[in-house]
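Working notes for the structure below.
The values are calculated or read from the model by the stated rules, or taken from the named source; none is laboratory data. Note that this is a predicted model, so its numbers are computed, not measured. Because the Cβ atoms are built from the backbone with ideal geometry, glycine has one as well, and the counts that use them run over all protein chains shown.
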Amino acid sequence: MKYRIYVIEDDENIRNLICVALENFGYCASGFETAEEALDSLSALLRRGREAQREYPAMFVFDWMLPGMDGMAAIRKIREMPDFSAAPVLMLTAKDREMDIVQGLDNGADDYMTKPFGILELSARVRNLLKRVEPAKEEVSSLTIGEVSINRETREVIACGDRTELTLKEFELLTYLMEHINRVVTRDELLDHIWGYDYDGETRTLDMHIKTLRQKLHDAGAQIKTVRGVGYRFLKEKEAGK
């Protein structure tokens, strides 16, 4: 079955370009000019019940700056919809400041691309986000280390006794680090495993994901130890400093 991808972009030329490219790469693409149109489509699918589940989008590609409701607000609404909350979101925007990227990730985007972008890069990011839509069935669902507990099936995370909401990429980073407890995991290994393609040595995206992940884990974020110049290590217990 082909994955369906919702593309929300107000520029008709860019929207059509993305949709055609995704179709050529083997996906079903549905384009929308506004966030409201996309949300209305999701509501219509829900009203149709089980028969419409085959038409559910597996992923969203959102422009940030949209007429009416912007992409950030729309993503927050989607994260509140149980049927679609786990679908990965790729944010497209001309905003390229570090704080803009952090804001996008904090508001629920799983990956971030700045305009202008290449179609092959877009395809690579989409492909690797979609690889993680289906959880591995053979894995033990729950894992607890120190003050952090995760459930792979539900993507639930408990840190210091409180539930915390993570984006897909943050959850995958946390899971991978916890699965390799006390081992130094290099930046290259994380980029290859989580993003699945060559970042040409650019680690800013990874470092920003780690930064927001630590913040969301509160005091337990100290269990993620930076090994300067190499990568990161997940500790059994938190220690002073990162």
Mind checking whether some residue in the range 202-209 is at pLDDT 90 or above and either buried (at least 16 other Cβ atoms within 10 Å of the Cβ) or closer than 20 Å to A87 by Cα (or both)? yes
(1) closer than 24 Å to N128 by Cα; (2) in contact with a Lys or Arg (Cβ under 7 Å, 6 or more places away or on another chain) all hold for V89 apart from (2)
How many of the residues in the range 141-164 are over 16 Å from D219 (Cβ atoms) and either among the aromatic types (F, W, Y) or assigned to a loop (DSSP other than H, G, I, E, B) (or both)? 5
F62: touching a Pro at 6+ places or on another chain (Cβ under 8 Å) and closer than 24 Å to R155 by Cα, yes or no? no
Complete set of residues in the range 153-163 that are buried (at least 17 other Cβ atoms within 10 Å of the Cβ) and not aliphatic (A, V, I, L, M): R155
In the range 158-192, residues that are on the phi < 0 side of the Ramachandran plot, of a type outside the set (D, E, K, R) and in contact (Cβ under 8 Å) with a residue 24 or more places away in the chain total 16
In the range 4-14, what residues are crowded, with 19+ Cβ neighbours inside 10 Å and within 19 Å of E55 (Cα to Cα)? I5, Y6, V7, I8
Inside the range 58-115, can you point out the residues that are at positive phi and at pLDDT 85 or above? G68
Yes or no: the range 174-193 includes at least one residue that is β-branched (V, I, T), at pLDDT 90 or above, touching an Asp or Glu at 6+ places or on another chain (Cβ under 6 Å) and under 27 Å from M113 (Cβ atoms). no
